[in-house]
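Colleague: A single structure is presented below for examination.
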There are 2 protein chains.
Amino acid sequence: MATNFIFQNTTKIYFGDNQLESLPQEVKKHGTNILITYGGGSIKKSGLLDKVKSLLENAGISVFEFGGIEPNPRHTSVNAGAKICKENKIDAVLAIGGGSVIDCTKAIAAATFYEGDAWDLVIHKAQITKALPIFTILTLSATGSEMDCGAVISNLDTNDKLGLVDPHLQPTASFLNPEITYTVSKFQTAAGSADIIAHVLDCYYFSRGHKLEMVDQVMEVVLKTVVKYAPVAIKDPTNYEARANLMWAASWALNDFLTVGIPQAPTCHCIEHELSAYYDITHGLGLAILMPCWLEYVLDDSTAADIKKFGVNVFGVDPKFSDMEGAKEALNRFRNFLYNELGLDSSLTALKIDKTNFEIMAKKACFGEVLHGYRDLTPKDVENIFEMCL
Amino acid sequence: MATNFIFQNTTKIYFGDNQLESLPQEVKKHGTNILITYGGGSIKKSGLLDKVKSLLENAGISVFEFGGIEPNPRHTSVNAGAKICKENKIDAVLAIGGGSVIDCTKAIAAATFYEGDAWDLVIHKAQITKALPIFTILTLSATGSEMDCGAVISNLDTNDKLGLVDPHLQPTASFLNPEITYTVSKFQTAAGSADIIAHVLDCYYFSRGHKLEMVDQVMEVVLKTVVKYAPVAIKDPTNYEARANLMWAASWALNDFLTVGIPQAPTCHCIEHELSAYYDITHGLGLAILMPCWLEYVLDDSTAADIKKFGVNVFGVDPKFSDMEGAKEALNRFRNFLYNELGLDSSLTALKIDKTNFEIMAKKACFGEVLHGYRDLTPKDVENIFEMCL
């Protein structure tokens, strides 16, 4: 069975400490006006923003700022950021933050070259034709946005949260310093780790596509890395090994190296986007609640061997179990990891979410019909999964 | 302990069958005059050359040819190829072959913009300032040259075989079709597989540098992939899974993803280059003879744990062994794999190489002084290793 794929990832990664010194020279290849974007302002308190501004300004680069980008970033923020770029002849954008800030910034980079509402680009009413060069300084290991060409943008007017994938959105260079993540809270570390796991599991580990065995094993290495080091980072936030392994694992989980040749069908991501869109919850937390229920829902004789394999190779489940028993034990171990070791909430009820919107959310997750994936799901299936999560 | 590295790999990979259809459009981004380079002519017999020429010519691209590139390619071939490029205003080069053809073609791409002898570029008497866009169609899974920016060129006048590494030599796009390697002989499959293993072992698995655990585990996945699938490809040359896994493993072994942050010190490669330079032997075969002797030579209380770990994680050696016993068992298993499973020669004597040139070769391998690496080696050490290989 042939395995066909096209792979290219052009992002330049600067990993480690003291790498920011190279930022001005990278930016100056593209111009001298830069927009720095960020979220709630923790980078002001930590002094990172001032440090980066000084570095750039000392190199003769004019710095503009756009802060206050929300978790689950809004299309209104994209429009506001793009307005600044247009008005100030910005040559490049620099996101300092996690996935939300980076995603919003990618959309700003593209919306700068579009005259209408940026939401048009998200819903493909208009095509992306160009984008400003995108730089990132990562502050949270989670989404992989620092090394992929995707972005997820929310529209609170319509309760939509949608993904936008375009080669123009590939970052030019990303700066990954594990030490910057020492101050990430236990909760955000846990939720980010669940997000990394979800990218691997959801996007391709569980897949009907044919995988090269080598790539399958690398997926398991990424999963094992998170399973080992996320609890370490939670207990010991300044543990360099833990933060460094999590940071590089996050990038690998979604930088296309692992997706090669596999039809991507991010089932849990599609379902979770409805939760975030309706309740504005943390993406990784929503995924952590959904993933075990999804796997339990699709567990039958045709999937048991795959789920058992996940348990054996990632959680050390005894291979002597039968497929079905091994799969059940895998789910036990997975839940124990997410809810005990990472300390994440295990139910939607704990987030005060009830069944009110399940029907409409399920329908939207399925785009009205069927959510194709490892197992195809109807709106009724998705509704059942939501109810298992209560 | 901080792990600092810069990673970027821009090569676009087309993996699988029917991907060549995209070749003309990729080439036409750069121009309409292309030089196709190849080796001994097996691509003529197989019909691949005619197929590629038709594809390109039907798209309005003018094709020039340069065949007969040697294994261990010579600087004289680089000069001859560059002359064709200069005289015919070539816009891009397309290597169809294994590492030797690709390496020679990379050097041609750079030498086209240099007026003197191409050897000047290899010995850094002159700097590479520019290179033609480089395309490759890979016919042998081995060197990883299809996805890195290195080339190795030989000078028979001086008995030198030297590496040239420059960002300009990074291929623009490479086409990897595992089916093309169905006709690779048992010997070349075995030697290529030894080369893949050498890249991982020699360049970074055995290293004094600090490795991220995740990356270390991915190295072991690449090694295990070769250990599993090389014997399958030798027994069953048209086994798609085996050929596909070997092909992608070869690219991963040297595309910088695994080298991140590790000081590269390719001990066996440096030593082997002397064997190839003096006796023109197949690179992978030379490596297969050298690697176990090198590890045995450096085996002591300070290295036993590392070598045992290699045995445990790659060959399934029982972890209950002591470090020293486990390391010895690892070497037994490694030798069994190379000489019994792959069927490669196990000694220099079998290649009719005697100790005549060991002293001068050892001195050259150490650049006169010390060969820095996992363990630093003096010329006397290298001479001892050569003697162990008899």
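Every number in this text was worked out from the coordinates using simple rules, so none of it is lab data. The shown structure was predicted, so the numbers you read here are calculated from the model rather than taken from an experiment. A quick note on method: Cβ atoms are made from the backbone with ideal geometry, for glycine too, and the neighbour counts reach across all protein chains shown.
Colleague: May I ask you to evaluate 6.51 cos²θ - 1.76 cosθ + 1.60, the Karplus curve with θ = phi - 60°, for each residue of the stretch B:120-134 and list the ³J(HN,Hα) values in order in whole Hz, giving x for glycine and proline?
Modeller: In residue order, the calculated couplings are 4, 5, 5, 8, 6, 6, 10, 9, 6, 10, 6, 8, 5, x, 10 Hz.
Colleague: For B:K12, enumerate residues with amide H under 5 Å from its amide H, sequence gap 5+ or separate chain, H modeled in the peptide plane.
Modeller: Counting only residues 5 or more places away or on other chains, the set is B:A173, B:S174.
Colleague: If you place +1 on the Cβ of every Lys and Arg, -1 on the Cβ of every Asp and Glu, and leave all else neutral, what size is the dipole of the protein assembly as shown about its Cα centre, to the nearest 20 Debye?
Modeller: On the way: 68 positive and 94 negative charges, 158 e Å.
Result for the protein assembly as shown is approximately 760 debye, rounded to the nearest 20.
Colleague: State the answer as a single residue: which of B:A249, B:I123, B:I262 lies farthest towards the positive end of the charge dipole of chain B, with beta carbon charges of +1 for Lys and Arg and -1 for Asp and Glu, about the Cα centre.
Modeller: Value: B:A249.
Colleague: Calculated from DSSP H runs of 4 or more alone, at -39500 (n - 2.57) each and per residue, what is the 222 nm mean residue ellipticity of the protein assembly as shown, nearest 500? Show your work: numbers first, answer last.
Modeller: Values: 30 runs with 350 residues, N = 780.
Counting only the DSSP helices, I get -14000 deg cm²/dmol.
Colleague: Near A:K320, which aspartates and glutamates are there with a Cα under 13 Å away, not counting those fewer than 8 places off in the same chain?
Modeller: A:E329
Colleague: Oh, and also: Evaluate the distance, in nm, between pseudo-label points positioned 7 Å from the Cα of A:A305 and of A:N58 along their respective Cα→Cβ axes.
Modeller: It is 6.1 nm.
Colleague: Under a plain spin-label model, where a point goes 7 Å from the Cα along Cα-to-Cβ, how far apart in nm are A:T378 and B:K51?
Modeller: 4.5
Colleague: Work out which helices of chain A, taken as complete DSSP H runs, extend at least 20 Å along their axis over the Cα atoms and score a mean Kyte-Doolittle of -0.5 or more, then list them.
Modeller: On the way: long enough: A:186-200 (22 Å, 0.48); A:213-235 (34 Å, 0.69); A:283-298 (22 Å, 1.17).
Qualifying helices, which must be both long enough and hydrophobic enough, are A:186-200, A:213-235, A:283-298.
Colleague: Considering only Cα-Cα distances, which of the following residue pairs are longer than 18 Å: B:K28/B:K89; A:K211/A:K364; B:K186/B:K352?
Modeller: Numbers: B:K28/B:K89 14 Å; A:K211/A:K364 29 Å; B:K186/B:K352 21 Å.
Check vs 18 Å cut-off fails for A:K211/A:K364; B:K186/B:K352.
Colleague: Can you give me the Cα centroid spacing of the stretch B:1-63 and the stretch A:63-118 in angstrom?
Modeller: One Cα centre to the other: 38 Å.
Colleague: Calculate the length of the line joining the C-alpha centroid of the stretch B:315-390 to that of the stretch A:130-173, in whole Å.
Modeller: About 49 Å separates the Cα centre of the stretch B:315-390 from the one of the stretch A:130-173.
Colleague: Counting only trypsin sites (Lys or Arg not before Pro) that are in a DSSP loop and have at most 15 other C-beta atoms within 10 Å, tell me the longest site-free stretch of chain B.
Modeller: On the way: sites that count: B:K29, B:K89, B:K125, B:K130, B:R208, B:K320, B:K352.
Between the exposed loop sites, the longest stretch runs B:209-319.
Colleague: Something else: Distances in nm, one decimal, shortest first, from A:K228 to the same residue in every other copy, taking the label point 7 angstrom along Cα→Cβ.
Modeller: List, nearest first: 1.9 nm.
Colleague: Shortest first and in nm with one decimal, please list how far the B:T158 label point sits from its counterparts in the other copies (point 7 Å along Cα→Cβ).
Modeller: Copy-to-copy label distances at B:T158, shortest first: 6.6 nm.
Colleague: Shortest first, in nm, what separates the label point of B:S46 from those of the same position in the other copies (7 Å along Cα→Cβ)?
Modeller: Copy-to-copy label distances for B:S46: 5.1 nm.
Colleague: At a 10 Å Cβ-Cβ cut-off, how would you order B:H124, A:H30, fewest neighbours first? Working shown, then result.
Modeller: Working: B:H124 11, A:H30 14.
Placing the least packed residue first, the sequence is B:H124, A:H30.
Colleague: With +1 assigned to the C-beta of every Lys and Arg and -1 to the C-beta of every Asp and Glu, and no other charges, what is the dipole magnitude of the stretch A:279-390 about the Cα centre in debye, to the nearest 20?
Modeller: Numbers: 12 positive and 18 negative charges, 36 e Å.
Dipole about the Cα centre, nearest 20: 180 debye.
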